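J.: First the structure, which I've put down as C-alpha cells, then a few questions once you've had a look.
The values are calculated or read from the model by the stated rules, or taken from the named source; none is laboratory data. The structure displayed is predicted, hence computed values, not measured ones. Don't worry about glycine lacking a Cβ; one is built from the backbone with ideal geometry, like all the others, and counts go over all protein chains shown.
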Amino acid sequence: MLGFTNLIGISLTLGSTAARLATASAIMGVSVTGVTIATFGPVFSDTEVVSADAFEAGTLDIAASPARAALSLVSMAPGDQITGTLTLSNEGSLQARYAMRLISTEDRFASALKMTVKTGVTNCDDGGFAADGEVLYGPGEAGAIDGIPAFGDPASGPDHGDRLLNPATQETLCINVRLPISSDNSLQNASTTITLEFVAEFARPS
Ligand SMILES: [Ca+2]
C-alpha cells in the first residue's frame with residue numbers, strides 16, 4: 001500500500017488602520033503583506049513491495065498559484081469586500097483529493113471577517129462573485145488560532161467535502177472576504193494572518 005500526503009500553507013496578512021470604523025466613511029486598511037507556501041514532498045507511508053504491474057508508484061504534487069498575494073486591497077471600510085483567485089494544480093501523476101483549513105494568528109479579527117470560497121465563478125471579482133459558482137465554504141469565519149475546517153477533512157481517506165483533482169488538471173478557487181458593515185471600533189488597529197492550508201493525499205482509484 002502506498003500513501004502520499006502533500007501540504008500547502010498560504011498565509012494572508014490582514015490588518016486594519018487606525019481609522020475609525022463607526023461610520024460608513026471610515027477606512028479600514030486590509031492588505032496582503034506576505035504569502036508563503038510550504039510544500040512537503042510525497043511521503044511513502046508504507047514500504048510494502050508491490051508487483052510492478054499492479055500500479056506504478058506515482059507522484060503527488062499539488063501547487064498553488066499565485067504563490068504570493070492572492071488578495072490585496074489598499075483600504076477597506078466596513079461593508080467592503082475583497083475577492084481573489086487561487087488556482088490549485090495537480091502537477092503529479094496521481095489523482096489527488098484535498099481538504100482546506102483556515103488558521104489565523106488571532107481569533108477576534110479573523111472571526112469578524114467573513115470568508116466565502118467558491119469554485120466555478122465565471123468572473124472572480126467583487127461584482128461577479130455572487131452571480132454563479134458552487135459554494136465550498138461560507139460565508140463563515142476567516143480563521144481561528146486552532147484552525148477551522150473550510151471544506152473536506154484532512155484525515156486520510158475520502159471524506160465529505162474532499163475535492164478530487166486529476167493529474168495535470170487544476171481547480172480555480174474564488175475567495176471572497178468581507179468586513180461586515182456592523183464591524184465596530186473594537187476592531188480598530190486589528191490585524192491577523194490567515195493561513196489557507198491545503199492538505200492533499202493520493203486518491204486511490206475505485
Ligand atoms: Ca480526507
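J.: Which ranges mark the strands (runs of 3 or more DSSP E) fully within the range 58-140 that have 1 or more residues being modelled with pLDDT of 85 or more?
T.: Of the strands (runs of 3 or more DSSP E) lying wholly inside the range 58-140, those with at least 1 residues that are modelled with pLDDT of 85 or more span 81-90, 96-104, 114-119.
J.: Of everything in the range 134-147, what is more than 16 Å from the ligand (Cβ to nearest atom) and under 24 Å from VAL121 (Cβ atoms)? Give them in sequence order.
T.: GLU134, VAL135, GLY138, PRO139, GLY140, GLU141, ALA142, GLY143 - these are the residues of the range 134-147 that are more than 16 Å from the ligand (Cβ to nearest atom) and under 24 Å from VAL121 (Cβ atoms).
J.: Right, next: Filter the range 184-201 down to the residues that are crowded, with 22+ Cβ neighbours inside 10 Å and either at positive phi or not aliphatic (A, V, I, L, M) (or both) and list them by number.
T.: THR192, PHE198, GLU201
J.: Considering only the range 177-206, how many residues are modelled with pLDDT under 75 and within 16 Å of the ligand (Cβ to nearest atom)?
T.: Total satisfying the criteria: 3.
J.: Of all residues in the range 80-128, how many are more than 21 Å from THR195 (Cα to Cα) and under 16 Å from the mean Cα position of the chain (by Cα)?
T.: Count: 2.
J.: From the list ARG163, ARG178, which residue is closer than 17 Å to ALA63 by Cα and surrounded by 16 or more Cβ atoms within 10 Å (Cβ to Cβ)?
T.: Just a single option satisfies the conditions, and that option is ARG163.
J.: Just to be sure, is LYS114 more than 16 Å from the ligand (Cβ to nearest atom), closer than 26 Å to HIS160 by Cβ and in contact with a Lys or Arg (Cβ under 6 Å, 6 or more places away or on another chain)?
T.: Yes: the conditions hold for LYS114.
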